[in-house]
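Everything on this sheet refers to the single structure shown next.
The values are calculated or read from the model by the stated rules, or taken from the named source; none is laboratory data. These figures come from a predicted structure and were not determined experimentally. Here the Cβ positions follow ideal geometry from the backbone for every residue, glycine too, while neighbour counts run over all protein chains shown. Heavy atoms of the whole protein, side chains included, go into the accessibility calculation; ligands, DNA and RNA do not. Shrake-Rupley method; radii C 1.70, N 1.55, O 1.52, S 1.80 Å.
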Amino acid sequence: MPPLRNRNATVYCPGPRADIGQARDSCSGRPGPNDPRGRSGPGRAASRAHPCVRREHHPVPNTVLILNGPNLNLLGRREPSVYGRETLDDIAAACRVRGEKLRIRVDFRQTNHEGELVEWIQQSHADVRGIILNAAAYTHTSVAIPDALRAVALPCIEVHLSNVHARESFRHHSYISPVATGVIVGLGSQGYLLALDAMARLIADADAANADGPRSLST
Ligand code: DHK
């Protein structure tokens, strides 16, 4: 199956260029309405079209999606002896602070619906470099979520607040773990921050490998 994204996504300067009109709608790099080249071949077409198509010239911040599944909206009052007293908003705020230090834009979301998690994973934009996922109860039941993760082929770190292996046996199995780059369990909200640290390293390593390694066909 071909990848759904250009993993070596080129970052585009949003500045309009007179000869091609508003060729790019924004840093997304998608063709604008006046782009005569349409939607094909973003990497090569754009590098001919605009001198600013350089990661170092107009860097778009790396985004990491942090996705939370069902009942995590109740953190703080839900079984605090298991999940702690911090609310999900507290955890989101701590993640954003850590993200700023790491120069990562944190996109933090929660839903009680499996399909919404699947759609968020599928819709990861070109600037999303990785996913930190606490799928909560869907960890132990969902086939669709790991399928979506396989499809987008982004690094994924699975996080659980509680030590699922010290709890009921149905929590010992995770459908996410086989597709995750790494797994952090049992460290409470700190697990999210450790996952961000690890993700920053994975991104830096990938960028270094890209810079040093052979040029891919798509660049
Ligand atoms: C959260 C849940 O809601 C449970 O269903 C999982 C996970 C564990 C957690 O520890 O973060 O079993």
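Is it the case that region 147-168 has a residue that's away from the ligand (no atom under 12 Å from the Cβ) and acidic (Asp, Glu)? Within region 147-168, one or more residues are away from the ligand (no atom under 12 Å from the Cβ) and acidic (Asp, Glu). When region 124-146 is limited to residues that are among the hydroxyl-bearing types (Ser, Thr, Tyr) and within 15 Å of the ligand (Cβ to nearest atom), the one that is farthest from Ile66 (Cα to Cα) turns out to be Thr141. Which count do you get for residues in region 181-199 that are surrounded by fewer than 19 Cβ atoms within 10 Å (Cβ to Cβ) and over 20 Å from Asp89 (Cα atoms)? Going through region 181-199 one residue at a time, the tally reaches 4. Among the small types (Gly, Ala, Ser), out of contact with any Gly (no Cβ under 7 Å at 6 or more places or on another chain) and open to solvent by 10 Å² or more (accessible area, probe 1.4 Å) - does that describe any residue in region 150-162? Yes. Among the numbered conditions (1) within 16 Å of the ligand (Cβ to nearest atom); (2) under 20 Å from Asp107 (Cα atoms); (3) of a type outside the set (Ser, Thr, Tyr), the only one that Leu202 does not meet is (1). Going by the conditions given, is Arg150 more than 18 Å from Ser174 (Cα to Cα) and basic (Lys, Arg)? The answer is no for Arg150.
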